[in-house]
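The values are calculated or read from the model by the stated rules, or taken from the named source; none is laboratory data. Just so we're clear, the structure is a prediction, and the values are computed from it rather than from any experiment. Note that we place each Cβ from the backbone using ideal geometry, even for glycine, and neighbour counts take in every protein chain shown. The protein model used for the area step is the full one, side chains on, heavy atoms only, and it has no ligands, DNA or RNA in it. Shrake-Rupley method; radii C 1.70, N 1.55, O 1.52, S 1.80 Å.
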Amino acid sequence: MKLPKRHVEKVLFYPWIRYSKEVEQAGLEDKPIVALESTIISHGMPYPMNRDTALALEAIVRSEGAVPATIGMIDGQIVVGLSREEIESFSTRKDIKKVSRRDLPIVMARKEWGAMTVSGTIIAMSMAGIRVFATGGIGGVHRGAEETWDVSRDLYELGSHNVLVVCAGAKAILDLPKTLEVLESQGVSVLSYRSPTFASFYSRSSGLPVDLEFDDPEIAARVLMARIELGLTGGVLVSNPCPVEMAMDPKEAETAIQTAVADAKQRKIHGKSLTPYLLSEITKLTGGSSLETNIALVENNARLAAKIAVCYAKAVRPE
Ligand code: PSU
Ligand code: MN
């Protein structure tokens, strides 16, 4: 089957995007590229684990034969492919905004630094012509959303861009059944790697069913291609359970989550600070073990995303 040209990953040039040499070259040569986010660096983990994890993710993507593109905003410009020094700055600077769709034009206009959430990264990678992205856990519907209306923008960007995002499910601090309902309403295809259920971030299963369990990375790449072929807006979400030896006991995770959620409610923490607050509280409550799990799962996701990106690049450009 000969595929139409629009499948081909090509780096697209706009004045508000700057590419690293490596990403630009990969784009021009149609090599597999994996997008990586920067909120996990600036607002998701403490220093120096944030920097070390960001660099480890890039090394994993390279070892699988793909090119990593960590995305952030520097002085109001979208940078696709942060350098080592820039990753260091994202790991240490305290003035970095957390950027989702609503924040992007503001940070650009004010020429500020911004860390991209899953939603911000989906927007930027789509502008850049990149299709595959690895994160830790996507944002979703928060617990108590029927009162607070706190639903992450991540779900709506997934519903409107032809991208494939590999995650360890949605973060367990969320209401997972409601998150899956919104994904369904948004028409996102939810796949699960070697598991019949949607992963639950710190632990391997939420017990909730997905649309397809798969074993071969190529099938995930083909689902993305089929969406593009059909002209369907929206993306593919790949749930990849945390490696067994690094997963947390679901009961232990849940106890820490409930304590942290109650604490945040009492301190009236909401909006964009809520997720970073919960993640750091849970790290304290678990004596650091949740952070080790978080690092292991995001590394695991980078590896699978790179395998899928390699299949995708082969499929759109058969030799
Ligand atoms: N995955 C992690 N750690 C994180 C995130 C994902 O392992 O910190 C970030 C992502 O950038 C995601 C964001 O988009 O958390 C969700 O924030 P919110 O709930 O405010 O939409
Ligand atoms: Mn929110």
Inset, instruction - Determine, yes or no, whether Gly139 is at positive phi and within 16 Å of ligand 2 (Cβ to nearest atom). - result: no
Legend entry - Residue check for Ala109: modelled with pLDDT of 95 or more and under 26 Å from Ser239 (Cα atoms): no
Legend entry - Residues of the range 265-285 that turn out to be open to solvent by less than 90 Å² (accessible area, probe 1.4 Å) and away from ligand 2 (no atom under 12 Å from the Cβ), as a count: 6
Legend entry - Condition check for Ala302: modelled with pLDDT of 95 or more, within 16 Å of ligand 2 (Cβ to nearest atom) and touching a Leu at 6+ places or on another chain (Cβ under 8 Å): no
Legend entry - Output for the range 141-158, where each listed residue is among the basic types (Lys, Arg) and either within 22 Å of Thr293 (Cα to Cα) or outside any loop (DSSP other than H, G, I, E, B) (or both): Arg143
Inset, instruction - Those residues that are within 18 Å of Ala66 (Cβ to Cβ) and either open to solvent by 60 Å² or more (accessible area, probe 1.4 Å) or in contact with a strand residue (DSSP E or B) (Cβ under 7 Å, 6 or more places away or on another chain) (or both), I need them from the range 199-218; list them, please. - result: Asp216, Glu218
Inset, instruction - Of the numbered conditions (1) modelled with pLDDT of 95 or more; (2) surrounded by fewer than 21 Cβ atoms within 10 Å (Cβ to Cβ), Cys242 fails exactly one; give the number of that condition. - result: (2)
Legend entry - Residue check, Ala247 within 16 Å of ligand 2 (Cβ to nearest atom), touching a residue at least 12 places away in the same chain (Cβ under 8 Å) and either over 17 Å from the mean Cα position of the chain (by Cα) or under 18 Å from Gly136 (Cβ atoms) (or both): no
Legend entry - the range 143-177, subset of a type in the set (Val, Ile, Thr) and surrounded by fewer than 22 Cβ atoms within 10 Å (Cβ to Cβ), residue farthest from ligand 2 (Cβ to nearest atom): Thr148
Legend entry - From the options Leu180, Leu191, residue that is away from ligand 2 (no atom under 12 Å from the Cβ) and outside any helix (DSSP H, G or I): Leu191
Legend entry - Odd one out for Ala226 among (1) open to solvent by 10 Å² or more (accessible area, probe 1.4 Å); (2) in contact (Cβ under 8 Å) with a residue 24 or more places away in the chain; (3) hydrophobic (A, V, I, L, M, F, W, C): (2)
